[in-house]
Amino acid sequence: GDHAYGAGERLSYRVYYNWNFVWLTAGEVHFDLRDEGETYHISVEGKTFASYDWFYKVRDEYHSYIDKETGLPNLYIRKVQQGSYRRYERVVFDYPRKLAYSYTGKTEESAKLTIVQLDKHYFDMVSVMYHLRNLPLKEQGKKVKTPFNVLLDDEKYELGIRYKGEKKRHEVKESGTYDTFEAVADVISGHVFDEEARLKLWVSDDRNRVPVLIESPLVVGSVKAILSNYA
């Protein structure tokens, strides 16, 4: 299919955390896209800056393998290290059988299997970002809410996203000035679906539709990711 992204793309974000009106620089996240034949392999690495490690050390690693033709995930792997917390997830998507095989545990060795029925197309937390980039949100206009589905911790969520308006010459101090448009998506906050909780995205207004700024509410405070490098 014709995608808004391509092999070799690397997106880097600076992550800021807002707590009591103070924005703290918390860490960075890198998204790398590789061509592996019939699939795109997206690897994501998130880490806190060393100055925060004493407080709360985060090393997160995600991998999503997307079928080039359908844009749907085949395989999703997540390895989490946050302080003393460890989590391993591997989800195998079997669309012909409409099943997802989800292996979760503290480590790969201790992971237990859960089988999830897939009545619709579900995305993991990485492939969903690439899926949303492919949607012609601006062309659909402000009245259309486009549904999308996410599988998170073996739970199925039906969410939606809509176009809000354009913002020309949007200055992103980390990486430059972009013509952008804003889109607003539902979020899952602390596993409670909150009507007020909305994820705000400012996306480059070109065929690549790169998210240049992402703002998300959290249970305590909020977080924003700002594009720091795009190659």
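The values are calculated or read from the model by the stated rules, or taken from the named source; none is laboratory data. The structure presented is a predicted model; accordingly, all values stated were derived computationally and were not measured. All Cβ positions, even for glycine, are placed from backbone atoms using ideal geometry, and neighbour counts span all protein chains on display. In case anyone asks, the SASA skips ligands and DNA or RNA and just uses the protein heavy atoms, side chains included. Shrake-Rupley method; radii C 1.70, N 1.55, O 1.52, S 1.80 Å.
What's the number of the condition Met129 fails, among (1) within 24 Å of Tyr40 (Cα to Cα); (2) of a type in the set (A, V, I, L, M, F, W, C); (3) in a strand (DSSP E or B)? Every condition holds for Met129 apart from (3). Summed over the stretch 109-125, residues that are at pLDDT below 95 and either closer than 19 Å to Gly46 by Cβ or in a strand (DSSP E or B) (or both) total 1.
Let me confirm something: among Glu215, Glu139, which residue is surrounded by 14 or more Cβ atoms within 10 Å (Cβ to Cβ) and either in a loop (DSSP other than H, G, I, E, B) or out of contact with any Gly (no Cβ under 9 Å at 6 or more places or on another chain) (or both)? If you could, list the steps in order and put the result at the bottom.
Numbers: Glu139 fails: surrounded by 14 or more Cβ atoms within 10 Å (Cβ to Cβ).
Checking each option against the conditions leaves just Glu215.
The selection criterion, being open to solvent by 50 Å² or more (accessible area, probe 1.4 Å), assigned to a strand (DSSP E or B) and not β-branched (Val, Ile, Thr), holds for Lys168.
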